[in-house]
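The values are calculated or read from the model by the stated rules, or taken from the named source; none is laboratory data. Here the structure is a predicted model, which is why all the values come from computation and not from measurement. Cβ placement follows ideal geometry from the backbone for every residue including glycine, while neighbour counts extend to all protein chains displayed. These area figures cover heavy atoms from the full protein model, side chains too; ligands, DNA and RNA do not enter into them. Shrake-Rupley method; radii C 1.70, N 1.55, O 1.52, S 1.80 Å.
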Amino acid sequence: LQCRDLSSAEVAGFDQRVAFSCWDALRASAEASLIGKEWLPQIWLPLPEHPKAALCEINKRLLCIDQVPTNWAPAIRQESAERLRVFPRTHPEVQECWAHHSGVEDHD
């Protein structure tokens, strides 16, 4: 059963208790399929209680997961919908240390 099919059944007058149970099963399935995904944000705001609203929110969040915030641009660039390029940054103290020891010796 897909979301569109269930929505159509609801509009056609399908029993609301049965529809709610189906939405709940679809939500559980969607959440289970996301468990352990490394690319999933570690912190998400809580989902709505109603399973249909929760599924809509999950879909909305997944649609924008490949969007890179502009303030990340120096470190992460989106090359395509499926590919990101990461430019690791080091801690400022490490950068300063390497700048000081850049291979050029100061001899006074």
For the stretch 1-14: of the residues being of a type outside the set (A, V, I, L, M) and open to solvent by less than 70 Å² (accessible area, probe 1.4 Å), which is farthest from P48 (Cα to Cα)?
G13
Tell me the residue from W23, W44, W39 that is surrounded by 13 or more Cβ atoms within 10 Å (Cβ to Cβ) and either assigned to a loop (DSSP other than H, G, I, E, B) or at pLDDT 90 or above (or both), please.
W23
List the number of the failed condition for N71; all other conditions in (1) within 23 Å of Q2 (Cα to Cα); (2) assigned to a helix (DSSP H, G or I) hold.
(1)
